[in-house]
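Everything on this sheet refers to the single structure shown next.
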Amino acid sequence: MQRRIVSALAALVVTSAVGLASAEEGGFGAEGNIMFSAERLFGFSSDKINPEAPFDDYTVKGFGFGWTGGRTTPFNSPRLAFDYFINDNLSVGGALGYADLDNINGNDNDSSGFILAPRVGYMIGISEVFGFWPRGGFTYYSFSDPDFDQFALTLEALFSIAPRPGFGFITGLVLDLGFSGSQDGPGNTSVDYTDRNIALVAGLGGTF
């Protein structure tokens with residue numbers, strides 16, 4: 001399921017490259033542009049889960065290419081994003097994703113849900129091809145069967161690589177610092193937990 005979603009996201013971004021508007025330095029970021037992107041398509045990640053008793057803390061490290069699978073969290077799932085440039089540098093936007101993950105928290109059944117991540121950013125042109133795009137915001141995810149959710153501060157240090165104006169790759173380091181969440185506990189109870197993720201990620205983007 002998730003592989004098909006990733007393929008569709010990538011196809012939409014590539015299609016959007018036709019007839020794109022010209023951009024400022026960095027390949028993106030001209031005032032009034034809308035950027036459409038498929039984010040976190042692949043990368044390296046380390047995810048730290050800190051639940052309350054009776055569950056134990058654990059860390060998940062690995063590499064994902066277009067899907068996550070296994071014991072991981074929604075922070076590392078691909079998502080679709082839109083960003084609007086208020087001026088030649090400042091952007092506001094967000095990402096929305098859906099994931100179907102397996103073996104969550106050691107549970108053998110699948111868990112599905114959504115990811116929502118509003119943010120602001122500031123594009124700094126390095127050259128006509130390269131740019132630096134720091135962003136900050138919040139990420140919320142909610143999943144069921146088993147039920148678990150998390151609210152996090154998200155910080156991103158991203159670089160744009162645009163082989164043509166308005167279309168290219170977005171890659172860099174991301175931090176998802178979870179500080180409030182809950183998951184199913186024994187019986188009909190729930191326990192608090194935090195989910196903290198650091199990852200080197202990459203995706204595709206195009207501006208209209």
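The values are calculated or read from the model by the stated rules, or taken from the named source; none is laboratory data. Since the model is a prediction, treat every value here as computed from it, not as a measurement. Please note: Cβ atoms are built from the backbone with ideal geometry, for glycine as well, and neighbour counts cover all protein chains shown.
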Query raised in the report: Looking at residue 199, is it in a strand (DSSP E or B), under 14 Å from the mean Cα position of the chain (by Cα) and farther than 18 Å from residue 92 by Cβ?
Result: yes
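Results for (1) modelled with pLDDT under 95; (2) assigned to a strand (DSSP E or B); (3) surrounded by 14 or more Cβ atoms within 10 Å (Cβ to Cβ), shown as yes or no for each residue.
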site	(1), (2), (3)
113	yes, yes, yes
116	no, yes, yes
133	no, yes, yes
158	no, yes, yes
163	yes, yes, no
193	yes, yes, yes
Query raised in the report: For the stretch 44-61, how many residues meet the condition of being surrounded by fewer than 20 Cβ atoms within 10 Å (Cβ to Cβ), of a type outside the set (S, T, N, Q) and in a strand (DSSP E or B)?
Result: 5
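Any idea how many residues of the stretch 118-131 are farther than 10 Å from residue 91 by Cβ and either hydrophobic (A, V, I, L, M, F, W, C) or surrounded by 15 or more Cβ atoms within 10 Å (Cβ to Cβ) (or both)?
Going through the stretch 118-131 one residue at a time, the tally reaches 6.
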**Report entry** Test set (1) small (Gly, Ala, Ser); (2) assigned to a strand (DSSP E or B); (3) surrounded by fewer than 17 Cβ atoms within 10 Å (Cβ to Cβ); (4) modelled with pLDDT under 90 - residue 99 fails condition number
**Finding:** (3)
Query raised in the report: Under 7 Å by Cβ, and 6 or more places apart or on different chains, what pairs join a residue from the stretch 184-203 that is without any contact (Cβ under 8 Å) to a residue 60 or more places away in the chain with one that is among the β-branched types (Val, Ile, Thr) and assigned to a strand (DSSP E or B)?
Result: none
Query raised in the report: Which of (1) within 28 Å of residue 189 (Cα to Cα); (2) in a helix (DSSP H, G or I); (3) at pLDDT below 65; (4) not basic (Lys, Arg) does residue 69 not meet, given it meets every other one?
Result: (2)
